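Below: one structure, written as structure tokens.
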Amino acid sequence: MAPLQNAIKTPEGVEVNGFLISPCVENCNGCERVRAFENQEFCSSYPDPASKWNGGKCNFATHIKVEASAQAKINPLKASKRAAKGRK
């Protein structure tokens, strides 16, 4: 885990480049974007990780794999032309 760059401890909390950031939540464990600063873990991409997980999955999470939908839709007109030519 790489250290958090440009982080400063302030009375309000930890500040990075003018933004006050919150510690990571349990769901962030295993993510490549987690950075350490003074024995705490913070997200390098988003200042408030807890709010990213409120809607289900964090879109920045590198440790969660998105399942691909079924097969891609095939244009029926193109499929019939391919079939007429004898291709798949």
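Points worth noting:
- Pairs with Cβ under 8 Å, 6+ apart, first in segment 19-44 and loosely packed, with under 13 Cβ neighbours inside 10 Å, second among the charged types (D, E, K, R): Leu20/Glu12; Glu38/Lys9
- For the criterion of being loosely packed, with under 10 Cβ neighbours inside 10 Å and either modelled with pLDDT under 90 or not in a loop (DSSP other than H, G, I, E, B) (or both), Ala61 fails.
- For segment 73-88, the count of residues that are part of a loop (DSSP other than H, G, I, E, B), without any contact (Cβ under 8 Å) to a residue 12 or more places away in the chain and among the hydrophobic types (A, V, I, L, M, F, W, C) is at least one.
The values are calculated or read from the model by the stated rules, or taken from the named source; none is laboratory data. Just so it is clear, the structure is predicted and the values come from calculations on it, not from any experiment. Virtual Cβ from ideal backbone geometry, glycine too; neighbours counted across all protein chains shown.
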